[in-house]
Amino acid sequence: MTDKNDLNPNDVRQLAGQLIMIRFPGTELDAATAGFIKANGIRAVCLFRGNMTDATQLSKLTADLRAVMGPESLIAIDQEGGAVVRATWVPAPPSAMGLGAADDAGLAQRTGAAVARAIKSLGFNWNFAPVLDLNNNPYNPVIAERSFGADPQRAAELALAWMAGSHAEGVACCVKHFPGHGDTNVDSHRDLPTVDKPVLELERMELAPFRTAAAHAPAMMTAHIVYPTLDADNPATMSRAILHDLLRDQWQYRGIIITDGMDMHAIAHRYGVGNAAVRALTAGADMVMALGTPQTQEETLAAIAAAIASGELPIDEVQQRLARLAALARDYPCSQPPYLIDAADRVVMAEGWRRALTAHGDPQRPAPGAKLRLVVRQDVVSDGVSEAGVPAARVADSLRRLYDVELLTYADADAFDWTALPQDGRFTILASTSRLRYGEHARRTWRPDLHLALWNPYQALDIAAPALLTYGFAAPALDAVNDWFAGELPASGRTPVPGFGAPPPTHT
């Protein structure tokens, strides 16, 4: 066992570098980033949409990263499905809640395998999925359809099936966000949420799927959330009571514990990135996701190196962390096998989108060739977590395959006057293409003949109209909607969260 007194500053810096995951801008590995990676022994990166243009470019980028980081590289991606995907040209996976609506573990497993085949061919060996959060708060601004549902047992079964499919194809999963981000009405990218529930309630709900997964998941991602009954003073990411005492000691978890992005406002703006990184590691995390700028990454590295040099992070515990990370890289090596079954995987994904399609109320199909008025938000940009929503024109073009469609867009739902729509007999469809819930104005006054909830299913509870739920806006979802309109597909899904058993609300 190495003694910290035997380490020179460069050795300490290299140890610190192996405990962080970075991101960087651009679609090429520039010389400055490559030099930073080499100089600091960094072996883990996460790539985002801004790092990608197509398969050729991305494959070269991941190959260049492997050449710099070495054979035990960890190259990660958020390829969950639904709105949270980064490689957008590969077969589009249904969201977790879509799979929950289909309620078929075999389909979930085939979906996880298909996701893994696509991203492995692009050079990834670590996927930050599946989500194990139970979406038991309908006003959750960041989870919603990313969750398999609200029942802890069934959500865990579907997530484990998805994960088994991924692992069979050689891509490690990382379940998230431990110990549960489902019952929040605050996005931790923007502020620090609190989930204040009795321990017994947490054990029955939020903690249950993670406890089930603990024997199977090679990695868990922490949540930047305070759980006062578990630790009143620290968010889970920096809580020794949660990460070490509960997860490591009580549950005997042996996989990787990685933080969520430490650049998120819940952490960076309250604690400072260097201080927070050290606190996360001393709490029990194995790796810190240092996704900020080169300056914040430098601050993180310096703080961790100082903690190792001082003994605040004991060298034997650092080496245990490095051993776990090395084992993950060996078990799921980074390679780029050719992707030979794109077409077959698209069939798998289309099946998921079709079987997810859910009716709320009693939606009616307009007659073939009918005149429709489509009301939809102007194009939705990315919120930094999800990809950009489907453009309004694309929804209209999809429906034009069946109908005479007049497109009407709005910029602000709170100001749009539904009563000003012409009373000309056109069948009026509202298509919801963002994650935001509707406010009081829309809830009180909007009256479409049919509501297409193309993203957040909870929006169907806001509008007094029959609805069709897709749990996502990818092209196969629009195809499934058209097949329903054509009478060729039933809406057989069942929304796996409370509140959808009753007809849509009415207002007087």
*Kindly establish whether E312 is of a type outside the set (S, T, N, Q), part of a loop (DSSP other than H, G, I, E, B) and surrounded by fewer than 19 Cβ atoms within 10 Å (Cβ to Cβ).*
yes
*Since A96 meets every condition but one in (1) within 13 Å of the chain's Cα centre (by Cα); (2) among the hydrophobic types (A, V, I, L, M, F, W, C); (3) closer than 27 Å to T27 by Cα, which condition does it not meet?*
(3)
*Checking F485 against (1) under 29 Å from the mean Cα position of the chain (by Cα); (2) more than 17 Å from P141 (Cα to Cα), which single condition isn't satisfied?*
(1)
*Selection count, the range 43-74, where residues are touching a strand residue (DSSP E or B) at 6+ places or on another chain (Cβ under 6 Å) and among the β-branched types (V, I, T)*: 2
*asked:* Tally up the residues in the range 109-148 that are of a type outside the set (K, R) and under 17 Å from V385 (Cβ atoms), please.
replied: 17
*Which of the residues that make up the range 76-128 are touching a Ser or Thr at 6+ places or on another chain (Cβ under 7 Å), farther than 20 Å from A168 by Cα and crowded, with 24+ Cβ neighbours inside 10 Å?*
G82, A83, M97, A101
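I'd like the full set of residues that are within 29 Å of D103 (Cα to Cα) and out of contact with any Leu (no Cβ under 8 Å at 6 or more places or on another chain), limited to the range 349-379.
The initial filter retains those residues of the range 349-379 that are within 29 Å of D103 (Cα to Cα), namely 349-366.
Answer for the range 349-379, where residues must be within 29 Å of D103 (Cα to Cα) and out of contact with any Leu (no Cβ under 8 Å at 6 or more places or on another chain): M349, A350, W353, G361, D362, R365.
Residue-wise test of (1) closer than 29 Å to A329 by Cβ; (2) not in a strand (DSSP E or B); (3) not assigned by TED's automatic domain parsing to the domain that holds P179.
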position	(1), (2), (3)
E201	no, yes, no
H224	yes, yes, no
D233	no, yes, no
I242	yes, yes, no
L247	yes, yes, no
Q252	yes, yes, no
I258	yes, no, no
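With the structure loaded, tell me whether A277 is assigned to a loop (DSSP other than H, G, I, E, B), assigned by TED's automatic domain parsing to the domain that holds L15, small (G, A, S) and at pLDDT 95 or above or whether it fails that test. Break it down into steps so the answer makes sense when it comes.
Numbers: assigned to a loop (DSSP other than H, G, I, E, B): no; assigned by TED's automatic domain parsing to the domain that holds L15: yes; small (G, A, S): yes; at pLDDT 95 or above: yes.
No, not satisfied.
Here is a yes/no grid of residues against (1) surrounded by 24 or more Cβ atoms within 10 Å (Cβ to Cβ); (2) farther than 28 Å from L47 by Cα; (3) of a type in the set (D, E, K, R); (4) at pLDDT 95 or above:
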{"site": "L192", "(1), (2), (3), (4)": "no, no, no, no"}
{"site": "D196", "(1), (2), (3), (4)": "no, yes, yes, no"}
{"site": "H224", "(1), (2), (3), (4)": "yes, no, no, no"}
{"site": "L243", "(1), (2), (3), (4)": "yes, no, no, yes"}
{"site": "D249", "(1), (2), (3), (4)": "no, yes, yes, yes"}
{"site": "I256", "(1), (2), (3), (4)": "no, no, no, yes"}
{"site": "D263", "(1), (2), (3), (4)": "no, no, yes, no"}
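Which one is farthest from L430 (Cα to Cα) among residues in the range 348-387 that are part of a loop (DSSP other than H, G, I, E, B) and of a type in the set (V, I, T)?
Residues of the range 348-387 that are part of a loop (DSSP other than H, G, I, E, B), as a first pass: 357, 361-370, 378-387.
With the extra rule that they be of a type in the set (V, I, T), the set shrinks to 380-381, 385.
Details: V380: 15, V381: 19, V385: 25 Å.
Checked the range 348-387; the qualifying residue farthest from L430 (Cα to Cα) is V385.
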_I'd like to know if the range 127-140 contains one or more residues that are in a strand (DSSP E or B) and either within 17 Å of Y471 (Cα to Cα) or in contact with a His (Cβ under 9 Å, 6 or more places away or on another chain) (or both)._
yes
*asked:* With of a type in the set (G, A, S), modelled with pLDDT of 95 or more and within 30 Å of R43 (Cβ to Cβ) as the only criterion, which of A101, A113 stands out?
replied: A113
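Hydrophobic (A, V, I, L, M, F, W, C) and under 28 Å from A283 (Cα atoms): does that describe W162?
Working: hydrophobic (A, V, I, L, M, F, W, C): yes; under 28 Å from A283 (Cα atoms): no.
No; evaluated as a whole, the condition is false for this residue.
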_What are the pairs with Cβ atoms under 7 angstrom where one residue, in the range 86-108, is within 23 Å of A388 (Cα to Cα) and the other, located anywhere, is of a type in the set (K, R) and surrounded by 24 or more Cβ atoms within 10 Å (Cβ to Cβ)? Sequence gap at least six, or different chains._
S95/R146; A96/R146
*Tell me which residues, restricted to the range 129-168, are among the aromatic types (F, W, Y) and surrounded by 24 or more Cβ atoms within 10 Å (Cβ to Cβ).*
F148, W162
*Could you tell me which residue of the range 38-59 is farthest from T300 (Cα to Cα), considering only residues that are loosely packed, with under 15 Cβ neighbours inside 10 Å and over 23 Å from the mean Cα position of the chain (by Cα)?*
T56
*Unmet criterion (only one of (1) in the same structural domain as A113 (by TED's automatic domain parsing); (2) exposed (fewer than 12 other Cβ atoms within 10 Å of the Cβ); (3) not acidic (D, E)) for A305*: (2)
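The values are calculated or read from the model by the stated rules, or taken from the named source; none is laboratory data. Bear in mind that the values here come from a model prediction, so they are computed numbers and not experimental data. As a convention, Cβ positions derive from the backbone with ideal geometry for all residues, glycine included, and neighbour counts pool all protein chains shown.
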